[in-house]
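Comments concern the structure below.
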Amino acid sequence: MNYRKKLPKYQLAMTIFSKKLAAIETNDWKQWLTDSKLKSIAFRLEEIRRDGNKLLSDTQENIFHTLSLDGLKAWSQHYDTIVASIIIPFTEKDGSKVELSAGQAFNKMNSHPDADVRAEIFEKWEQAWSQKADLFSDTLNHLDGFRLSTQKLHGIENYLQEPLENNRLKQETLDTMWSTIQKNKQPFVDYLTRKAQLLGNDKMKWQDQEAPVLLGNMHEETYTFDEAAAFIIKNFREFSPKMATFAQSAFENSWIEAEDRPGKRPGGYCTSFPESQESHIFMTYSHSMNEVATIAHELGHAFHSSVMWDLPVLNQEYAMNVAETASTFAELIVADATLKKAQTKEEKINLLDVKLQNAIAMFMNIHTRYIFENHFYQARQKGLVSTEQISEMMVNAQKESYLDSLANYHPHFWAAKLHFFIDDVPFYNFPYTFGYLFSTGIYAFANEQKTNFEEDYIALLRDTAAMTTEELAKKHLGVDLTQPDFWQAGINKVLEDVNEFMSLTKDYV
Ligand SMILES: [Zn+2]
């Protein structure tokens, strides 16, 4: 692809600019930043100067960026090539044989209402990834090996430095977040076990975590696209009329490409166009509640960008952890509204479970990924890691994160999860959990003081690329992210759902 070839040119321009900033005398630099025109972008300029200090010569940086097209980036593309060759054979109920792609098998495995179907696909799913495990382990070893060498050549010894800087986050904050989560895991394990019992098992099976809970004669509600739009707009309005008006215009101007047709990749995606100042959404809508939540999620991203268009370009470059805050917040509004409108106990249980699946993803699944990546990077610093070692590391991470509570584990999860193979973002995991709990905090804040919440919320979003995340939380929420209190308060909010789920379901087991 042509744009890839052009990338080193752009990177060279950035290198020269960063190094120029780094070369300025400290006293002159400080003086310069007091200029009224620069004040508003001072934080970003400091970041660029900091990065400039780590850079090698222009020529060396250019060689490195050019080689990276056939190194780091190539390994990531190679992953996609191997995934495209994954085929999972499956026999439908009517006896017809089909070959599922990885994406199709994944959806069926997680959301199929029949437990036997989920179990059968999970077994074949594990097999399919294990058959090509050596190819995936080569890819992972070289991708992260390339990254570690690059960091080392730039004098960076700690592999977490880059992801932390990308997210403008202190290690202390990240550690406090995870340790507070770890201390609170038991009730979530209890929820998983209760859900397993509702599904007729003693312990939760890996493939059943996202299975629907359908009690009594409960069937899942469906929504037309227009119904989804009306529901989202109505409920956004209760928190922020501007968010509602924005969503309405996104629907009216067809910024959401949601047609259900074959050949589309799974998941939702939102991207912004600075020239037209529009944000467009790509997803597949097939009428489920989960997809209503996906629209809300992506609209949350779009709204975030929309309140920043008038800011200096540098101050629009927010990081992934705060991006996932705006989106999760929008999703929460819709999830809670759906719960409120539930007609029966069974429907309420089903919807609470959908909400709690998110919590499990954030506190257990993503924690697994974080633990695994830490262990993998540590091992990779010493040398190549064998396929067996990687799978063992993964199962250990799952056991640690799920407090050893599951009936079975997923040894080749490291191969099946695309996030481990992304080239430009290392540690594509903890920002999700951060965004989830940060937005829970904002949501609690909104419910406490509704009067000028909209203004406060927009002010927070507009600052997301102009300060560190700790400063953002202090300034707008008055909280200290390095302390456990804020995290505990967010987890307590989620625990309310767990408690309700436990009490509603106790008569069913
Ligand atoms: Zn998102």
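The values are calculated or read from the model by the stated rules, or taken from the named source; none is laboratory data. From a predicted model like this one, the values you see are computed outputs, not experimental measurements. Using ideal geometry, Cβ is built from the backbone for each residue, glycine included, and neighbour counts are taken over all protein chains shown. To get the accessible areas, we keep the full protein, side chains included, count just its heavy atoms, and leave off ligands, DNA and RNA. Shrake-Rupley method; radii C 1.70, N 1.55, O 1.52, S 1.80 Å.
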Problem - Odd one out for GLY300, checked against (1) out of contact with any Gly (no Cβ under 8 Å at 6 or more places or on another chain); (2) under 21 Å from LYS234 (Cβ atoms); (3) free of Cβ contacts under 8 Å to residues at least 40 places away in the same chain; (4) open to solvent by 10 Å² or more (accessible area, probe 1.4 Å) - result: (4)
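Residues checked against (1) part of a helix (DSSP H, G or I); (2) within 16 Å of the ligand (Cβ to nearest atom); (3) within 17 Å of ASN365 (Cβ to Cβ); (4) not acidic (Asp, Glu):
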residue	(1), (2), (3), (4)
VAL395	yes, no, yes, yes
GLY435	yes, yes, yes, yes
PHE438	yes, yes, no, yes
ASN447	yes, no, no, yes
GLU455	yes, no, no, no
ALA459	yes, no, no, yes
MET467	no, no, no, yes
ASP480	no, no, no, no
TRP487	yes, no, no, yes
Handout entry: Tally, over the range 310-326, of residues that are over 14 Å from GLN277 (Cβ atoms) and either open to solvent by 30 Å² or more (accessible area, probe 1.4 Å) or without any contact (Cβ under 8 Å) to a residue 12 or more places away in the chain (or both)
Key = 5
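Regarding the range 154-167, can at least one residue be identified that is outside any loop (DSSP other than H, G, I, E, B), of a type in the set (Ser, Thr, Tyr) and in the same structural domain as VAL395 (by TED's automatic domain parsing)? Before the answer, list the steps.
To start, the set of residues in the range 154-167 that are outside any loop (DSSP other than H, G, I, E, B) comprises 161-166.
Adding the requirement that they be of a type in the set (Ser, Thr, Tyr) leaves none.
Checked the range 154-167: no residue is outside any loop (DSSP other than H, G, I, E, B), of a type in the set (Ser, Thr, Tyr) and in the same structural domain as VAL395 (by TED's automatic domain parsing).
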Handout entry: Residues that are under 30 Å from ASP456 (Cβ atoms) and of a type in the set (A, V, I, L, M), drawn from the range 390-444
Key = VAL425, LEU437, ILE442, ALA444
Problem - Condition met for PHE363 (buried (at least 21 other Cβ atoms within 10 Å of the Cβ), within 30 Å of SER503 (Cβ to Cβ) and assigned by TED's automatic domain parsing to the domain that holds ASP404) - result: yes
Problem - Residue in the range 334-356 that is free of Cβ contacts under 8 Å to residues at least 40 places away in the same chain, within 16 Å of the ligand (Cβ to nearest atom), on the phi < 0 side of the Ramachandran plot and of a type in the set (Gly, Ala, Ser) present - result: no
Exercise for the section: Go over the candidates THR222, THR284, THR271, THR245 one by one and state the one that is farther than 30 Å from ASP114 by Cβ and either within 23 Å of the chain's Cα centre (by Cα) or in contact (Cβ under 8 Å) with a residue 12 or more places away in the chain (or both). Expected result: THR271
Practice task
Please determine, by comparing only the residues of the range 297-321 that are among the small types (Gly, Ala, Ser) and more than 11 Å from the ligand (Cβ to nearest atom), which one is farthest from the chain's Cα centre (by Cα).
Solution key: SER306
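Evaluate the following for SER391: is it open to solvent by 10 Å² or more (accessible area, probe 1.4 Å), assigned to a helix (DSSP H, G or I) and hydroxyl-bearing (Ser, Thr, Tyr)? Step through it out loud before you land on a result.
Working: open to solvent by 10 Å² or more (accessible area, probe 1.4 Å): yes; assigned to a helix (DSSP H, G or I): yes; hydroxyl-bearing (Ser, Thr, Tyr): yes.
Against the criterion (open to solvent by 10 Å² or more (accessible area, probe 1.4 Å), assigned to a helix (DSSP H, G or I) and hydroxyl-bearing (Ser, Thr, Tyr)), SER391 qualifies.
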Exercise for the section: Considering only the range 102-123, state which residues are crowded, with 16+ Cβ neighbours inside 10 Å and without any contact (Cβ under 8 Å) to a residue 40 or more places away in the chain. Expected result: GLN104, ALA105, LYS108, VAL117, GLU120
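Consider the range 24-36. How many of its residues are part of a helix (DSSP H, G or I) and open to solvent by 80 Å² or more (accessible area, probe 1.4 Å)?
Let us first name the residues in the range 24-36 that are part of a helix (DSSP H, G or I), namely 26-33, 36.
After this cut, where a residue has to be open to solvent by 80 Å² or more (accessible area, probe 1.4 Å) as well, the list is 27-28, 30-32, 36.
Qualifying residue count for the region: 6.
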Handout entry: Among the residues listed as ASP175, ASP134, the single one being open to solvent by 10 Å² or more (accessible area, probe 1.4 Å) and under 30 Å from VAL498 (Cα atoms)
Key = ASP175
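Look at GLU324 and say whether it is assigned to a helix (DSSP H, G or I), in contact with a His (Cβ under 6 Å, 6 or more places away or on another chain) and either within 16 Å of the ligand (Cβ to nearest atom) or closer than 18 Å to THR433 by Cα (or both).
No, not satisfied.
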Practice task
Of the conditions (1) under 24 Å from the mean Cα position of the chain (by Cα); (2) part of a helix (DSSP H, G or I), GLN197 clears all except one; give me its number.
Solution key: (1)
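Out of everything in the range 53-101 that is assigned to a loop (DSSP other than H, G, I, E, B), within 26 Å of PRO8 (Cα to Cα) and not polar (S, T, N, Q), what residue ends up being most open to solvent (accessible area, probe 1.4 Å)?
Here is the first cut: in the range 53-101, the ones assigned to a loop (DSSP other than H, G, I, E, B) are 55-57, 69-71, 85-87, 92-96, 101.
Adding the requirement that they be within 26 Å of PRO8 (Cα to Cα) leaves 55-57, 69-71.
Subset that is not polar (S, T, N, Q): 55-56, 69-71.
On the way: LEU55: 45, LEU56: 56, LEU69: 38, ASP70: 134, GLY71: 7 Å².
Ranking the qualifying residues of the range 53-101, first place goes to ASP70.
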